[in-house]
1. What ³J(HN,Hα) values, in whole Hz, does the Karplus curve 6.51 cos²θ - 1.76 cosθ + 1.60 give for segment 111-117 when θ = phi - 60°, with x put for Gly and Pro?
2. Please list, ordered by chain and number, the residues whose modelled amide H lies under 5 Å from the amide H of G202; skip anything fewer than 5 residues away on the same chain.
3. Kindly put M225, M1 in sequence by how many other C-beta atoms sit within 10 Å of each C-beta, fewest to most.
4. Could you derive backbone 3J(HN,Hα) for segment 86-99 from the dihedral phi with the Karplus parameters 6.51, -1.76 and 1.60 (θ = phi - 60°), listing whole Hz in sequence and x where the residue is Gly or Pro?
Amino acid sequence: MPSLSVVIPARNEAQNLPALIEGIEAALASLAAFEIIVVDDASTDDSVAVVTALQAARPHLRLLRHDRAGGQSAGVQSGVRAARAPICLTLDGDGQNPPEELPKLAAPLLAPGSQAIGLVAGQRVGRQDTLAKKWASRFANGLRSRLLKDGTRDTGCGLKGFRRDAFLALPYFDHMHRYLPALFARDGWQVVHVDVSHRPRGAGRSNYSNLQRGLVGIVDLLGVMWLIRRRKKARVVAGEDM
């Protein structure tokens, strides 16, 4: 059984996936046993054929397919549900998250005495995006940080590591991947932040615009604030199974 499951939510990333998968293999080869799960979000390009061809020589490479486009959070959750390892690592399928950063995410979770750590969140340094995207992200992150007080400057980074059981216990909603630090802290887990590098998109184009992110972000932010206020506060300290 693998110690790490790497989950890649991907839509129309046929040109980026081969190099990304090879990079993951190189980054984790000496760290721990791992599997790679590509979750194809109803791609209309050759993504499925590309991954299927790569599987021939890679027993650790798995492919899941959505029947319709569900978005990044849906892809992450589908992959984590199917994962065989207790620790999951995620990164985007567009190649902008360097796979060599994955050991930074895994190390705190694999270290002795790390049972209280639920999430290791990457925070991008030197973002390789358009100026408009940087400004929109900076505004959204600032607003979220002030309202949720999650201690995170960049929740949009796809590079994250977490305990599988802790993630699956979180309430699911579309776009939840942008609120993982607040959601893990809500459930009492420690959240660790690490700086990670960033690359220009390898090929293709983004599936989401700044306007789309902004419109859904307002609703999501209010929803997460409600979830934090309504969290379960009582904990079992004694009982028949203790």
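1. Result, rounded to whole Hz: 5, x, x, 9, 4, 7, 7.
2. Q96
3. Values: M225 15, M1 7.
Placing the least packed residue first, the sequence is M1, M225.
4. x, 10, 10, 10, 10, 7, 6, x, 8, x, 7, 8, x, x
Rule-based calculations on the coordinates, nothing more; no lab input. Predicted model only: the values in this text are computed from it and were never measured. Because the Cβ atoms are built from the backbone with ideal geometry, glycine has one as well, and the counts that use them run over all protein chains shown.
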